[in-house]
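One structure below.
The values are calculated or read from the model by the stated rules, or taken from the named source; none is laboratory data. Only a predicted model underlies this, so the values are computations on that prediction, with no experimental measurement involved. We place every Cβ from the backbone using ideal geometry, glycine too, and count neighbours over all the protein chains shown.
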Ligand code: 26Q
C-alpha cells in the first residue's frame with residue numbers, strides 16, 4: 001500500500017492533486033476551506049487502510065468487541081490528534097510549510113464536535129482514544145446530532161444560547177454508510193398472542209417509522225494500526241412509511257429526532273423527544289451489532305462471549321429490553337436464554353448520585369411510544385419481583401422496582417439487567433453501595449465495582465501542551481506517551497532547581513497563550529505573572545462556583561475597607577455553561593460577570609485581582625485553559641461530584657488541586673499526598689451528620705461571621721448591580737431555601753485554604769516541587785489505566801493482533817509500536 005505520508009514530497013504532491021481533482025482548482029487558487037477538506041480527506045483515507053486491517057483482524061481472529069453506548073461523545077477536534085496518533089504530524093506540518101501554509105490555520109478551521117454536555121460525553125471520547133491505543137476493539141455508538149450543545153455568548157453579563165452549527169463545513173472524518181441503514185419503529189398498536197405451543201407472537205403496527213443511517217468516524221490509536229469506529233446514527237425518512245396526508249408532520253418529526261443534544265439540567269423532565277432519541281440510537285446500534293455477529297459467527301449463541309456492551313449512564317438502558325426483544329421475537333430464543341445472554345453482555349456505569357438527576361419516564365409515555373419494549377420491561381419487573389420474594393427480601397422490593405408511581409425507573413432497570421454496575425471514583429462507588437443502590441448491593445454484591453475515571457493524557461498533556469511534553473521528554477524520555485505510569489520517573493527530579501526553573505518557563509509560555517486568547521477574543525489584558533486560578537466545568541449549584549466568586553467578592557470588599565490589604569496578585573478564570581432552563585445557574589453566571597466588570601475596571605484592585613469569564617467552555621477552550629493553571633478549583637459539596645475529570649486534566653499539567661474530599665479528588669490526594677494539594681471543607685460523613693441532626697442553619701453562620709455577612713449583603717445592596725433584586729435567586733437559595741449545598745458552611749474553610757495557597761505560592765521551590773509531583777503522579781489518571789481495568793475486570797477483551805503484512809498494509813512500520 002502506497003503511503004502518501006511517507007515523505008514530505010509525496011504528501012505535497014498528493015494534497016495538490018486532491019485539491020485539484022476535488023474542486024477543479026489549482027492549489028494556489030483554492031479556498032482555505034477546500035484545502036482543509038482535501039487534507040482531511042487524505043488523512044481519513046490513510047486511516048482507512050488501518051481501518052480495513054483492524055476490521056479484518058477482529059473478524060479473522062474472532063476478537064471480542066466492545067460496544068460503548070453513549071448518548072454523548074464530546075470529541076472536540078480530531079486533526080492534531082489523528083496526525084499525532086498516526087505519527088505523521090511533522091510530515092504534514094512541514095509539507096504545508098513548504099506550500100506556504102501554517103498548519104495551525106488548518107487546525108482551527110475544524111469545528112469542535114460538541115456532541116455532549118460535559119464530563120460524561122468527554123469521558124466517552126477519552127475512552128475511545130485509549131481503547132484504540134491499547135489495541136482493544138471498542139466501538140462507539142451515538143447520534144449524529146445536527147447541532148452540538150448550544151454555543152454560549154455573554155451579553156451584558158448574561159448567558160445567551162446560539163446554535164452550534166458544527167457541520168457547516170461538513171465533517172471530514174465521517175463516512176456515510178447508507179447500505180447499513182436500519183428501520184426504527186415507534187408508537188402504534190401491538191397485537192400479541194400465544195400460539196398452541198405457548199410461544200409468543202406479535203404483530204406490530206407502528207405509527208412512526210424512521211430510517212437510521214450510520215456515519216462512521218475512524219478512531220485511530222496511538223502509533224498502532226488499530227482503528228476503531230465511532231458510529232453516529234442520523235435519521236432519514238423511510239419512504240414506505242409515510243402515512244397519507246401527514247408528510248409535513250412526518251418530515252418534521254424525522255428531522256427533530258437528531259437535531260439537538262439535550263442539555264443536562266440535572267432535573268429529569270419526561271421529554272418525549274428525548275426518549276425517542278434514546279430508543280432511536282439503541283435500536284439502530286443493537287440491530288447493527290446483531291447483524292455483524294450473525295455475519296461473523298452464523299448465529300447468536302456465543303454473543304456474550306464475543307460482545308460486551310457498556311451503558312454510559314442509563315441513557316442507553318433500553319439496550320436491555322431491546323436486545324431481549326430481538327433475541328426472542330426475531331431469533332426465537334426463550335426468555336431464559338435471552339435473559340442469560342443479555343445480562344452477561346450488558347454492563348452499566350452510573351455517573352450521578354443526585355436523586356433528582358436519576359432518569360425516570362412516565363409509564364404511559366413509554367407504553368405508547370414503545371409498546372413491545374414496555375411489555376418486556378413489565379415482564380422483567382414481574383420476574384425480578386419473584387426472585388426478590390424467593391430470596392426473602394420482599395421488604396426491599398419497593399426501593400428496587402422498575403415500575404412504581406407511574407414511572408419507569410431506568411437506574412433500577414440498568415442494575416437488574418447488567419452483570420456489572422460501576423461508579424466512577426472510589427467515594428462515588430462507595431456511596432452507590434452504601435446508600436443510593438444499597439438494596440441492590442445487598443441482593444447482588446458481586447455486580448458492584450469501581451472504575452475511577454481517567455482522561456487521555458495524549459490529548460490533555462502530550463498534544464495540547466507540547467512545551468511541557470518536550471521538557472518531560474528531556475528528563476524522562478518519551479515512554480510515558482504509551483505508558484503514562486512512567487511519568488513517575490519525574491519524581492527523581494522534582495527538587496532539581498534547573499527543572500523547576502524550566503518548568504516555570506513552560507508554565508509561563510502556556511499562560512501567554514491563554515492571555516493571547518483573552519486579548520484577542522475577549523479584549524481583556526491578563527498579566528501572566530499573576531497566579532492563575534481556574535474553575536471550568538458545567539455550572540451547577542453543587543459544583544459551587546458561588547463559593548469561588550464569594551471568596552473573590554470578599555477579597556475585593558476587604559480591599560475597599562482596608563487600603564493596606566494587598567492580596568497575592570491572581571487572575572481568576574471561570575468557564576461554564578448553564579442549562580438554558582436553569583435560572584439559578586444563569587444568575588450565578590451573571591454575578592461572576594458583574595463582579596468581573598466591577599473589579600477589572602477598578603484600577604486600585606485590578607493589579608491584584610482579575611476575573612475572567614471565558615465564554616463557551618468546550619474541548620478546545622479546555623485545551624488552552626487547563627495547562628495554563630496554577631490552581632485547579634474542585635470545590636463541589638462533598639458527596640455530590642461523582643468523579644470530575646477536569647481535576648485530572650489540570651493535575652497532569654501541574655496545577656495544584658484546591659478541593660473538597662469529593663469525587664476523584666480523593667484519589668488525587670491519595671496519589672500526591674495531602675502536602676501536595678489543598679483539601680478543605682466538610683467531608684461526606686460530616687454533611688450526613690448535619691443532615692441527620694437537621695442542625696444546619698445558614699442564618700446562624702450569617703449572623704456570626706462578619707466576612708460572610710459582608711459578602712451576602714453585597715448581593716442586594718447595589719455593590720455589583722444597580723438593581724438590588726438582580727441576585728435575588730441566589731440570595732433566596734442560600735438564605736431562604738436552606739443553602740442545599742453548604743456554601744455558607746464551607747466559606748471560612750475556603751478562605752483559609754486560599755490564604756494557605758497564597759503563602760505556598762510565594763515559596764517558589766516548594767511550589768514548583770508540588771506542581772512537578774502532581775505531574776509525576778498523574779499517570780494513574782490516564783484513561784489508559786481506566787480502560788485496562790474495564791477490559792480486564794468487566795469486558796474480558798483481548799488485544800487485536802496484526803500480522804507483518806497487515807502492518808505493511810496499514811502503512812505502519814513495526815518500529816513505531818514501541
Ligand atoms: C438526561 C435526561 C434528559 C436530558 C439530559 C440528561 C442528561 C444528560 C447528560 C443527564 C446527565 C448528563 C451528564 C452527566 C455528566 O456529565 N456527569 C458527569 O460524569 C462525569 C464522568 O463520569 C463525572 O466525572 C462527573 O462527576 C459527572 O457529573
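Odds and ends about this structure:
- Selection count where residues are over 37 Å from the mean Cα position of the chain (by Cα) and in a helix (DSSP H, G or I), scope the range 17-49: 6
- In the range 446-456, the condition of being in contact with a helix residue (DSSP H, G or I) (Cβ under 8 Å, 6 or more places away or on another chain), closer than 27 Å to residue 644 by Cα and either more than 16 Å from the ligand (Cβ to nearest atom) or assigned to a helix (DSSP H, G or I) (or both) is met by at least one residue.
To keep it simple, each residue is scored yes or no on (1) within 29 Å of residue 124 (Cα to Cα); (2) out of contact with any strand residue (DSSP E or B) (no Cβ under 9 Å at 6 or more places or on another chain).
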residue	(1), (2)
370	yes, no
373	yes, yes
389	no, yes
392	no, yes
437	yes, no
444	yes, no
455	yes, no
458	yes, no
467	yes, yes
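- Taking the range 410-436 as the range and being crowded, with 22+ Cβ neighbours inside 10 Å and more than 21 Å from residue 793 (Cα to Cα) as the test, the residues that pass are 410, 411, 412, 413.
For every residue, the table says whether it meets (1) surrounded by fewer than 19 Cβ atoms within 10 Å (Cβ to Cβ); (2) closer than 19 Å to residue 631 by Cα; (3) more than 16 Å from the ligand (Cβ to nearest atom).
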{"residue": "473", "(1), (2), (3)": "yes, no, yes"}
{"residue": "481", "(1), (2), (3)": "no, no, yes"}
{"residue": "514", "(1), (2), (3)": "no, yes, yes"}
{"residue": "527", "(1), (2), (3)": "yes, yes, yes"}
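- Single unsatisfied condition, residue 77 versus (1) on the phi < 0 side of the Ramachandran plot; (2) surrounded by fewer than 18 Cβ atoms within 10 Å (Cβ to Cβ): (2)
- Looking only at residues in the range 413-442 that are within 16 Å of the ligand (Cβ to nearest atom) and free of Cβ contacts under 8 Å to residues at least 60 places away in the same chain, the one that is farthest from residue 325 (Cα to Cα) is 430.
- Selection status of residue 101, within 16 Å of the ligand (Cβ to nearest atom), over 17 Å from the mean Cα position of the chain (by Cα) and surrounded by fewer than 24 Cβ atoms within 10 Å (Cβ to Cβ): no
- Test result for residue 261, more than 19 Å from the chain's Cα centre (by Cα) and crowded, with 19+ Cβ neighbours inside 10 Å: no
- Filter result for residue 148 (in a helix (DSSP H, G or I) and within 22 Å of residue 277 (Cβ to Cβ)): no
- All told, residue 323 meets the bar of being more than 16 Å from the ligand (Cβ to nearest atom), in a helix (DSSP H, G or I) and either under 30 Å from residue 543 (Cα atoms) or within 31 Å of the chain's Cα centre (by Cα) (or both).
- Residue 663 within 16 Å of the ligand (Cβ to nearest atom), surrounded by 13 or more Cβ atoms within 10 Å (Cβ to Cβ), at positive phi and outside any helix (DSSP H, G or I): yes
- Being part of a helix (DSSP H, G or I), more than 24 Å from the chain's Cα centre (by Cα), crowded, with 17+ Cβ neighbours inside 10 Å and in contact (Cβ under 8 Å) with a residue 60 or more places away in the chain is a property that residue 461 lacks.
- So residue 52, is it under 34 Å from the mean Cα position of the chain (by Cα), touching a residue at least 12 places away in the same chain (Cβ under 8 Å) and not in a helix (DSSP H, G or I): no
- Residue pairs whose Cβ atoms lie under 6 Å apart, sitting 6 or more positions apart in sequence or on different chains, and linking a residue in the range 110-133 that is under 16 Å from residue 231 (Cα atoms) and without any contact (Cβ under 8 Å) to a residue 12 or more places away in the chain to a partner that is in a loop (DSSP other than H, G, I, E, B) and within 14 Å of the ligand (Cβ to nearest atom), do not occur here.
- Output for the range 169-198, where each listed residue is touching a residue at least 24 places away in the same chain (Cβ under 8 Å) and in a loop (DSSP other than H, G, I, E, B): 169, 170, 171, 172, 173, 174, 177, 181, 187, 188
- Residue match in the range 578-589 (condition: modelled with pLDDT of 95 or more, under 19 Å from residue 710 (Cα atoms) and in a helix (DSSP H, G or I)): yes
- When 50, 20 are checked against the criterion of being surrounded by fewer than 17 Cβ atoms within 10 Å (Cβ to Cβ) and closer than 26 Å to residue 167 by Cβ, 20 stands alone in meeting it.
- Just one of (1) away from the ligand (no atom under 16 Å from the Cβ); (2) touching a strand residue (DSSP E or B) at 6+ places or on another chain (Cβ under 8 Å); (3) assigned to a helix (DSSP H, G or I) fails for residue 650. It is (1).
- Against the list (1) in contact with a helix residue (DSSP H, G or I) (Cβ under 8 Å, 6 or more places away or on another chain); (2) within 15 Å of the ligand (Cβ to nearest atom); (3) modelled with pLDDT under 95; (4) on the phi < 0 side of the Ramachandran plot, the condition residue 312 fails is (3).
- The single condition among (1) surrounded by 15 or more Cβ atoms within 10 Å (Cβ to Cβ); (2) touching a helix residue (DSSP H, G or I) at 6+ places or on another chain (Cβ under 7 Å); (3) farther than 30 Å from residue 355 by Cα that residue 254 does not satisfy is (2).
- Out of 119, 140, 157, sole residue that is crowded, with 20+ Cβ neighbours inside 10 Å and either farther than 25 Å from residue 264 by Cβ or away from the ligand (no atom under 13 Å from the Cβ) (or both): 140
- Taking helices (runs of 4 or more DSSP H) as the structural unit, those lying wholly within the range 683-739 and holding at least 2 residues that are more than 34 Å from the chain's Cα centre (by Cα) correspond to 698-704, 706-716.
- Counted residues, the range 740-767 - those being outside any helix (DSSP H, G or I) and under 17 Å from residue 681 (Cα atoms): 3
- Only one of 754, 738 that is surrounded by fewer than 16 Cβ atoms within 10 Å (Cβ to Cβ) and in contact (Cβ under 8 Å) with a residue 12 or more places away in the chain: 738
- Selection within the range 533-544 - part of a helix (DSSP H, G or I) and surrounded by fewer than 24 Cβ atoms within 10 Å (Cβ to Cβ): 541, 542
- Unmet requirement for residue 295, which otherwise passes all of (1) at pLDDT 95 or above; (2) in contact with a helix residue (DSSP H, G or I) (Cβ under 7 Å, 6 or more places away or on another chain); (3) surrounded by fewer than 21 Cβ atoms within 10 Å (Cβ to Cβ): (2)
- Taking the range 224-306 as the region of interest, the helices (runs of 4 or more DSSP H) fully inside it that hold 3 or more residues being within 14 Å of the ligand (Cβ to nearest atom) and within 14 Å of residue 209 (Cα to Cα) are 272-297.
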